[in-house]
1. Can you give the log10 of the normalised intensity I(q)/I(0) at q = 0.14, 0.15, 0.17 Å⁻¹, computed with Debye over equal Cα scatterers of the range 92-163?
2. Taking the Cβ-Cβ separation of residue 137 and residue 174 as r and a Förster radius of 35 Å, what is the calculated FRET efficiency to the nearest 0.05?
3. Once you charge only the Cβ atoms, +1 for Lys and Arg and -1 for Asp and Glu, what is the size of the charge dipole of the chain about its Cα centre, to the nearest 20 debye?
4. Ranked from highest to lowest mean number of other Cβ atoms within 10 Å per residue, what is the order of the peptides 159-171, 36-48, 137-149?
5. Is there a quick way to get the dipole size of the range 88-144? I mean about its Cα centre, with the Cβ of Lys and Arg at +1 and of Asp and Glu at -1; what is the value in debye to the nearest 20?
6. Whole number in Å², please: accessible area per residue of the range 1-131, 1.4 Å probe, ligands, DNA and RNA not counted.
7. Measure of size requested: the Rg and Dmax of the range 100-206, with Cα atoms as the atom set and Å as the unit; please supply both.
8. Provide the FRET efficiency to the nearest 0.05 for the residue 6-residue 151 pair, computing r from the beta carbons and using R0 = 41 Å.
Amino acid sequence: MSDVVELRRIATLCEDALGQPDRAQRARQLADTIDAGIRSAGVVSHPACGEVFAYEVDGYGSFYFMDDANVPSLLSLPYLGYCDAEDPIYRRTRAALLSRHNPFYSEGAAGRGIGGPHVGVGHIWPMSITVRAITSVDEHEIRDCLAQLVVTHAGTGFMHETFWKDDARRFTRRWFGWANSLFGDLILELHDRRPDLLASWTSAAG
C-alpha cells in the first residue's frame with residue numbers, strides 16, 4: 001500500500017519538477033494497477049468484523065488478518081497517506097486490529113497495544129500506541145495514548161522497542177531511535193492539528 005502512495009508521489013515529482021510526463025504516466029498507471037489489486041484481493045470479508053484490509057493474501061482466496069507494530073502497517077495507512085482516517089474499510093480494519101481479532105494485540109496491567117512476531121505475543125510496541133494516536137480522530141483516544149506513552153517508558157524518558165503488557169519495566173532496547181522519532185512526529189502532528197489538546201495535555205502532565 002505504501003508503494004501506491006510513493007508511486008503517486010514519484011508521478012507528481014516527474015511531472016511537476018522534472019518535466020517527464022511519460023514517466024509520470026507510467027508511475028501513475030503502476031500505482032493504479034497495484035491499488036486495483038489491493039481493492040480486489042486485499043479487501044476481504046472477515047467473519048466477525050466485516051470487510052477489512054487483510055495483512056496477507058495468497059491469491060487463492062485465503063487471507064491472514066493481523067498487524068505488526070512496525071511502520072508501514074495496516075494501522076498506519078492514513079499516516080502513510082494511503083487512505084483517510086474516516087475511510088469505512090479502514091475504520092473496520094482499525095477496530096479489528098485493536099481487539100482480540102488481531103493475534104498480536106495485547107492488553108495488560110501496563111498498557112494495551114499491538115506487538116508483532118519479531119518479539120512475540122504479550123510485548124506491546126510503543127510505536128503502535130503512537131501510530132494509534134497519530135491516526136485517531138477521537139480526542140479521548142489520543143489523550144489515552146499519550147497517557148500510556150508517558151507511564152510506560154520505565155523511568156528512562158525514552159520510548160523503547162517493546163514493553164511487557166503487565167510490567168513496563170520489562171522492556172527491550174533501551175535506546176530505539178525509530179520509536180523516539182515517531183513519538184516526536186506525533187507531537188508535531190498534534191501541534192499542527194490539535195494545538196489546544198497538546199497544550200492542555202502538556203500542562204496537565206507538568
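The values are calculated or read from the model by the stated rules, or taken from the named source; none is laboratory data. These figures come from a predicted structure and were not determined experimentally. No Cβ is skipped: glycine too gets one built from the backbone with ideal geometry, and neighbour counts run over all protein chains shown. With ligands, DNA and RNA removed, areas are computed over all heavy atoms of the protein, side chains included. Shrake-Rupley method; radii C 1.70, N 1.55, O 1.52, S 1.80 Å.
1. The Debye formula, applied to the Cα set alone, gives -0.39, -0.45, -0.59.
2. That pair, residue 137 with residue 174, gives E of 0.60.
3. Taking the Cα centre of the chain as origin, the dipole is about 480 debye.
4. With the highest mean Cβ count within 10 Å placed first, the list reads 159-171, 137-149, 36-48.
5. With Lys and Arg at +1 and Asp and Glu at -1, about 200 debye.
6. Per-residue value: 49 Å².
7. 13.2, 37
8. After rounding to 0.05, the efficiency reads 0.70.
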